[in-house]
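Shown next, in structure tokens, is the structure this report addresses.
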Amino acid sequence: MKPARFRYHRPESIEEAVALLADLGDDAKLLAGGQSLVPLLSMRLARVDHLIDLNRTAGLSQISMDDGGTTIGAMTRQATVEHSAEVAEAVPLLALAVPHIGHFQIRNRGTIGGSVAHADPASELPAVALALDAEIHVVAARGRRSIPASDLFVGTWTTSLAADELLQAVRFPAWSGRCGFAVEEFARRKGDFAIAGAVCAVGTNDRSAVDRVAIVLMGMGATPVRARDAEQLLLGTTPDEDVLKEAGQRAADAGQPTDDIHGPAGYRRRVAAHMVTIALRKALRQATDHGRD
């Protein structure tokens, strides 16, 4: 099928892009990598009056780093992040997550900002943003603001971005010291969205006790799910296997999965619990090994 008719815009600057958004509002849709939007338009599951193509908009593809974190422009290709040694060093959890996204052809076109803004609850980048307490930098003709990732995701494919706002960049705060990171997910086939998955970040002190932890679930609700109860269980402990399994179960209990063609909600919970346990085990091992270096 072909998309319904729309007017095409190709701004060359951020200022031009946000001016179009201010003028067109809800009648416009932004095109980044197009890996989700183009199929929806082609199958006419979505229609737009105006399409604003950001692929030639200057100032949206930079990667900058400082002691406090890493800022990645919204139009930075996922493949660029995947193959960046600097990003792998500065934001290990992001580097681990990106190879799980679809196939390499998708990552060649897909963008960091597009994935975050699309807000699919089964996708990896929203989960990473939530786990690392990322800040979402947005701009509009009326001004700029920064949105904590915890306030961005409000429902399936729904964010707190206003109709006239452009996601400009995502800033990932640095995790330093004895830290470990892991991404685990289970899908029917490589490249499919996860039936359930987890991203985990763990920091330990010089006694190998957990002093910082983030656990986020994919595919377990209308948004990525931060498992706060499981995190509290681990803080201050040197967890053994029983504690890790309990953390996995508490994390799964934080989700609100639904029955679908891939399996019942109870199945997703069991898979999620196992994914969290595996990811925590790997992250803790990495943090402990880091402390020995």
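Brief remarks follow.
- Note that segment 249-256 has calculated 3J(HN,Hα) couplings of 5, 5, 5, 4, 5, 6, x, 10 Hz, one per residue in order, obtained from phi through the Karplus relation 6.51 cos²θ - 1.76 cosθ + 1.60 (θ = phi - 60°); glycine and proline are x.
- Estimated distance in nm for a label pair at A88 and S176, the labels positioned 7 Å out from Cα along Cα-to-Cβ: 2.3
- Inter-probe distance in nm under a simple model that places probes 7 Å from Cα toward Cβ, at R270 and D192: 1.7
- Each peptide among 53-59, 7-13, 252-258, 191-197 gets the average number of other Cβ atoms lying within 10 Å of its residues, and from highest to lowest they stand as 191-197, 252-258, 53-59, 7-13.
- Ranked by how many other beta carbons lie within 10 Å on average, peptides 274-287, 228-241 from highest: 274-287, 228-241
- Integer Hz, Karplus 6.51/-1.76/1.60 couplings in order for segment 88-102, x for Gly and Pro: 4, 6, 7, 10, x, 5, 5, 5, 6, 7, 4, x, 7, 7, x
- Eligible lysines near K245 by straight Cα distance, threshold 24 Å, same-chain separation 8 or greater: K282
- Hits among aspartates and glutamates - C-alpha to C-alpha of K29 under 20 Å, sequence gap 8 or more where chains match: E12, E15, E16, D49, D53, D120, D164, E165
- Cut-off 17 Å, label 7 Å out along Cα→Cβ of D26, residues of segment 152-192 by amide N: 158-165
- 3J(HN,Hα) along segment 226-242: 7, 8, 5, 5, 5, 4, 4, 4, 7, 4, x, 10, 10, x, 9, 5, 5 Hz, from the Karplus curve 6.51 cos²θ - 1.76 cosθ + 1.60 with θ = phi - 60°, whole Hz, x for Gly and Pro.
- Cα-derived Rg over Rh, computed across the chain with Rh taken as Kirkwood radius: 0.99
Every read-out reported here was derived from the displayed coordinates using simple, explicitly stated rules and does not represent laboratory data. None of the values given here were measured: they were computed from a predicted structure. All Cβ positions, even for glycine, are placed from backbone atoms using ideal geometry, and neighbour counts span all protein chains on display.
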